[in-house]
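Here's the structure, in C-alpha cells; my notes come after.
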Amino acid sequence: MKKTFSFLVLLCMAATSAHAGLKVVGKGDNMHYDPSSFPPAMKASYDIMKVKCIKCHTLERTVVAIQTGIAPISGQPFDRNATKAYGVKMLRKPDSNMNKKEVKATVELMNWLLDQANQ
Ligand code: HEC
C-alpha cells in the first residue's frame with residue numbers, strides 16, 4: 001500500500017514537471033502562453049511572436065494548434081513537419097509586416113512548444 005502511494009506521488013510529480021514549461025493562460029482572444037519558465041532563446045522568440053503573430057488574429061489560433069496538434073481553421077495536422085509551411089504562409093499574406101528572420105524565430109519556437117506539449 002505504502003509503495004503504491006509513493007509510486008503515485010512520483011508519477012504525479014513527473015506529470016507536472018513535464019508540463020512545467022508550457023503554461024497556457026487566459027481564454028478565447030486572451031489565450032496565450034506564460035513564458036516565465038521558457039529558456040532565454042525561446043523567451044526572445046516569444047517576444048517576436050506576441051507582437052508579430054497577433055496582427056490579423058489572436059494568439060488563440062497558434063496556442064490551439066500547438067496544444068491540439070490540429071490547425072484550427074483548416075483542420076490539417078499541426079506538427080513539426082507543418083510549422084515552417086504555416087510560418088511561410090503567414091509571411092506571404094498581404095501586409096504581414098514580418099521578415100524571414102522573425103518567421104524563422106517563431107517557427108523554432110513553435111517546434112519547441114510542440115515538443116513540450118507532447119511530453
Ligand atoms: C497578415 C495577417 C496574418 C499574420 C501577420 C499572421 N497570420 Fe496566421 N492566419 C492569417 C489568416 C488570414 C489565417 C486563416 C487561414 C489561412 O489563411 O491559413 C491564419 C491562420 C493561422 C493559423 C491556423 C491555420 C490553419 O490552417 O488552421 C495559425 C496556426 C496561424 N495563423 C498562426 C500564425 C502565426 C504563428 C503567425 C506569426 C508568425 C501568424 N499566424 C501571423 C493571417 C495572419
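A short reminder: the numbers here are calculations on the coordinates, not readings from a lab. Treat the numbers as computed from the prediction; the structure is a model and nothing was measured. A quick note on method: Cβ atoms are made from the backbone with ideal geometry, for glycine too, and the neighbour counts reach across all protein chains shown.
A Förster radius of 41 Å, combined with the Cβ-Cβ distance separating Q67 from N97, puts the computed FRET efficiency at roughly 0.95. Using all pairs of distinct alpha-carbon atoms, the Kirkwood hydrodynamic radius of region 20-117 works out to 13.4 angstrom. Counting every other Cβ atom within 10 Å of each residue's Cβ, T106, T58, T68 order from fewest to most as T68, T58, T106.
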